[in-house]
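One structure is given here, and the rest of the page talks about it.
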Amino acid sequence: MIASELITYDIPPLKLSETGEKALGWMEEFKVSEIPIIDGGKYLGLIQENDILDRNDLDEPIKNYNLNYQNPFAHSHQHLFEIISLIVENNIDILPVVDPSGEYLGIITIKSVLTYFSKAVSIANQGSIVTLELNIRDYSLAEISKLVESDNAKILASFITSHPDSTKLEVTLKINKTEITRILHTFERFDYVVTGSYNETEYQQDLKSRYDEFLRFLNP
């Protein structure tokens, strides 16, 4: 998944001729802390709430602010993981996307990233979640998949959590079966440490309900 596939147009950019009052209004309307500014189609940067409030003149056009804009952006070809890093590092709600010439293409929102991940981990599909702990040197997704498939099951999604000062990994698996007792026994037989398993239908329904509720919070 790359940036161009996550672009949304739900939040329009502002032009330099528009006022601080309009910027604050859009921030309130779209529940964000910053708005992208463009000039002749070129992306200039993000204007934030404090940039406007510090001026004490909401009727003044943005072009008079002479701001050093916060300037995070993603190129259209950048990968999802790079996008997430940019959002976290810059502590922003939205990430503008530009083409190689700096033309503004649109934005990526936290909601669009979450929506993609919900599909990637098959959150709406019934199944089970298993977490394993193992040494980094012992990790092999091919081997783990082989053990899961020995019970006629499939891994729908997986991700890894690591810690800087540890030689251990936590591997989280989404499996397409709700009855996974034999799979858990297989993991234990091959000396995998199973730290958690969730295979109740109610758990899956609750997880999806919580996800839907969170999306409604992001987009009231």
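The values are calculated or read from the model by the stated rules, or taken from the named source; none is laboratory data. Worth saying up front: this structure is predicted, and the values here are computed from it rather than measured. Cβ sites come from the backbone with ideal geometry, for glycine too, and all protein chains shown count toward neighbours.
Looking at region 1-38 only, could you name the residues that are charged (D, E, K, R) and either within 10 Å of residue 62 (Cβ to Cβ) or at pLDDT 95 or above (or both)?
Once the filter is applied, which keeps residues that are charged (D, E, K, R) and either within 10 Å of residue 62 (Cβ to Cβ) or at pLDDT 95 or above (or both), region 1-38 yields 15, 18, 22.
Could you pull out every one of the helices (runs of 4 or more DSSP H) wholly within region 33-150 that has 3 or more residues that are assigned by TED's automatic domain parsing to the domain that holds residue 13 and surrounded by 13 or more Cβ atoms within 10 Å (Cβ to Cβ)?
In region 33-150, 49-53, 80-90, 110-120 are the helices (runs of 4 or more DSSP H) which contain 3 or more residues that are assigned by TED's automatic domain parsing to the domain that holds residue 13 and surrounded by 13 or more Cβ atoms within 10 Å (Cβ to Cβ).
Just checking, which of 47, 38, 11, 92 is free of Cβ contacts under 8 Å to residues at least 60 places away in the same chain and farther than 30 Å from residue 160 by Cβ?
After applying the criteria, what remains is 47.
Which residue is surrounded by the most Cβ atoms within 10 Å (Cβ to Cβ), if the candidates are limited to region 151-188 and must be of a type in the set (Lys, Arg) and in a loop (DSSP other than H, G, I, E, B)?
Step by step, filter region 151-188, then rank; the result is 177.
Of all residues in region 113-128, count the ones that are over 14 Å from residue 173 (Cα atoms) and either among the β-branched types (Val, Ile, Thr) or modelled with pLDDT of 85 or more (or both).
2
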